[in-house]
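Q: Okay, here's the structure, questions in a sec.
The values are calculated or read from the model by the stated rules, or taken from the named source; none is laboratory data. Since the structure is predicted, the reported quantities are computational estimates derived from the model, not experimental observations. Cβ sites come from the backbone with ideal geometry, for glycine too, and all protein chains shown count toward neighbours. Note: accessible area is taken over every heavy atom of the protein model, side chains too, but ligands, DNA and RNA are not part of it. Shrake-Rupley method; radii C 1.70, N 1.55, O 1.52, S 1.80 Å.
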Amino acid sequence: MSAPLVSALTDPAVELRDVTVAHGQSIVLQVKHLRIERGERVVLVGPNGAGKSTLFRILSGQLCPADGTVQVLGHERRFSSPSGTKNSRPRYDHRVGIISQGLHLVPRLDALSNTLIGGLARADVAAWRSWLKWFPSGLIDEAMDALAQVGMQDHATTRADHLSGGERQRVAMARLIMQKPELILADEPTAALDPAATARAVSLLNRLARGATLLTIVHEMTLVGELGDRVIGIRQGQIALDTPSGQLGADAMEALFRAPAPGKEPDEPSMGALSEQWV
Amino acid sequence: MTPAAWGVAYLAVVGLCLWSLMGSGELSLGRTPWQNLMATVGDFSRPSFLDAWWGPQRLEYRSDDGTVLRVENRQVLEREFLWAVLRATWVTFQIATLGSLLAALLALPLGLFTARNLPAPRWLSRAAHGLLGASRAIHTLVFGLILVGIVGLGPTAGILAIAMHSMGTYGKLFAESIETLDMAAVEGVRATGASSAHAFFMAVWPSVLPQFASQHLYVWEFNVRDSTILGLIGAGGLGLLISEAVSLFQWSRLATLLIVVVALVMCFDAVSSRVRKALL
């Protein structure tokens, strides 16, 4: 599965060519060419339904485009129209990490187990250990350490559904620390957080991004500069803007969020329609 | 059809049932319902277990010319009957408990196959769905009658009958709780690169296990009730004593048996609802 070391040093983290995602008749996302180098911190902005999350779902392997070439961390996949949607989902790789608002934790498991999950694929833990909840002690120590890094060591035995939104987000970060991904996809990671928790999440994400590539979707424009060196604006399924975050002008942002001409806004497919099954 | 039209259709069905029954003159309470009711209440008003302590120690049965036919010590007889009731209650409980567990174990894979959000092959999920449907459609008593012919009289037939029928109930309940599962957690585990086996054990299983346990208690309780009548067809337990009491017109013993059934079900209900609350 992993790419040869040589290409790992030269390949970009992400490269998309002529990628098209269609839902029914409407085109949800169309990317002619997008290249993100390893170690870059990129912020994605754009109105709701523009296609930002769809792009994330392509990169994480949850969604197959109808057309195009997707290269993630040296792993290339080609898609073409007739078989596009039937293409089986690739095996997720621990090198791609996803974080959203902490809603993807397992509610009935405690914080420690939720953190441990991040290490299962990386440490190649056997499935029967998950069944018996009997994990190598080294992995447990690592998970405790990850919880300590996010300041949640005192809540290790608290169930995820008894944690507050901010605490859940921190456990999700701890899981990411365990996972050690090379590419981090953060989908509105601060959406439900108060200012203090937001600041904490931003600094944690930046710490995780050291030695990794970080892509973040944000809606708070004040965070653009803090989380990225490069800004990509997506509007109506197209990349409308791609600049260093320092050079982002107010007029460019205004154009990005201007209401589209009536009847032209593409529909973003609902999560349910595309992910009924896990494979 | 609109909801209102469905309502009208429902009323039409009820009307048809009533009209056809009344038309054939079969909807009647009999000739002397009130006397019959009073007589039954009278029969039931002195449950036999009272005799175990306060019954006559020497009850003489005489023929018309005064000859003593038989002498009974009611206290001894009814105490023996109470022991028999206790043993039968235990058998009933055994049937319900083992039958429910067997049903749950059989239904678990079938439930997993039929849940639409799990990736079972289509033919397998169809087959499991059909099997569960058939199992639900056939009543425990019918399974019991068939099984008595196969494995003979006794609790084994009862256990198997309960298992066969409850399997369908369990399978449907299990599949439904898996289908209402929050897939975000499952996707979250998959997103770390973990295998689907890990996702199952870490996300699916812990989320559905409390629901499964609660459903198990519910069906188990239902089966405690159900297994009290299994004895009617010879599958052991309280039902056997009930059928004996009815055929010998021993209404006071039937009253004792019904009190035991009600007490058993209520005790089980009290315990299981407490456990269910603790689980969720």
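Q: Can we say A:I58 is under 20 Å from the mean Cα position of the chain (by Cα), modelled with pLDDT under 90, within 11 Å of chain B (Cβ to nearest Cβ) and on the phi < 0 side of the Ramachandran plot? Reasoning before the result, please.
A: Numbers: under 20 Å from the mean Cα position of the chain (by Cα): yes; modelled with pLDDT under 90: yes; within 11 Å of chain B (Cβ to nearest Cβ): no; on the phi < 0 side of the Ramachandran plot: yes.
Considered against the rule, which asks whether it is under 20 Å from the mean Cα position of the chain (by Cα), modelled with pLDDT under 90, within 11 Å of chain B (Cβ to nearest Cβ) and on the phi < 0 side of the Ramachandran plot, A:I58 comes out as no.
Q: So, one more: Whether any residue in the range A:141-164 is within 11 Å of another protein chain (Cβ to nearest Cβ) and either in a helix (DSSP H, G or I) or under 26 Å from A:L73 (Cβ atoms) (or both) is what I want to check. Talk me through it step by step, then tell me what you get.
A: Kept after step one, since they are within 11 Å of another protein chain (Cβ to nearest Cβ), are these residues of the range A:141-164: A:159-161.
Filter once more, so that each one left must be either in a helix (DSSP H, G or I) or under 26 Å from A:L73 (Cβ atoms) (or both): A:160-161.
Yes, because at least one residue in the range A:141-164 is within 11 Å of another protein chain (Cβ to nearest Cβ) and either in a helix (DSSP H, G or I) or under 26 Å from A:L73 (Cβ atoms) (or both).
Q: Here is a follow-up. For B:D65, indicate whether it is among the acidic types (D, E) and open to solvent by less than 90 Å² (accessible area, probe 1.4 Å). Walk me through how you get there before you give the answer.
A: Numbers: among the acidic types (D, E): yes; open to solvent by less than 90 Å² (accessible area, probe 1.4 Å): no.
The answer is no for B:D65.
Q: Considering each residue of the range A:98-109, count those that are open to solvent by less than 40 Å² (accessible area, probe 1.4 Å) and more than 7 Å from chain B (Cβ to nearest Cβ), and give that number. Spell out the reasoning first.
A: Keep residues of the range A:98-109 that are open to solvent by less than 40 Å² (accessible area, probe 1.4 Å), which gives A:99-100, A:102, A:104-106, A:109.
Within this subset, residues satisfying the condition of being more than 7 Å from chain B (Cβ to nearest Cβ) are A:99-100, A:102.
Selection size over the range A:98-109: 3.
Q: Shifting gears a bit: Tell me, yes or no, whether the range A:226-238 has at least one residue that is surrounded by fewer than 21 Cβ atoms within 10 Å (Cβ to Cβ) and part of a helix (DSSP H, G or I).
A: For the range A:226-238, residues surrounded by fewer than 21 Cβ atoms within 10 Å (Cβ to Cβ) and part of a helix (DSSP H, G or I): present.
Q: For the list (1) away from every other protein chain (no Cβ under 14 Å); (2) buried (at least 19 other Cβ atoms within 10 Å of the Cβ); (3) of a type outside the set (S, T, N, Q), I need the number of the one condition that A:E182 fails.
A: Going through (1) away from every other protein chain (no Cβ under 14 Å); (2) buried (at least 19 other Cβ atoms within 10 Å of the Cβ); (3) of a type outside the set (S, T, N, Q) one by one, A:E182 breaks only (1).
Q: Residues that are within 14 Å of chain A (Cβ to nearest Cβ) and more than 25 Å from the chain's Cα centre (by Cα): find the helices (runs of 4 or more DSSP H) completely inside the range B:177-255 holding 1 or more of those. Spell out the reasoning first.
A: Details: elements: B:183-191, B:196-199, B:205-230, B:238-247.
Those helices (runs of 4 or more DSSP H) span B:183-191, B:196-199, B:205-230.
Q: Let me confirm something: among B:G152, B:G158, B:G130, B:G144, which residue is under 12 Å from B:G236 (Cα atoms) and free of Cβ contacts under 8 Å to residues at least 60 places away in the same chain? Full working, then the answer.
A: Details: B:G158 fails: free of Cβ contacts under 8 Å to residues at least 60 places away in the same chain; B:G130 fails: under 12 Å from B:G236 (Cα atoms); B:G144 fails: free of Cβ contacts under 8 Å to residues at least 60 places away in the same chain.
None of the others qualify; the one that does is B:G152.
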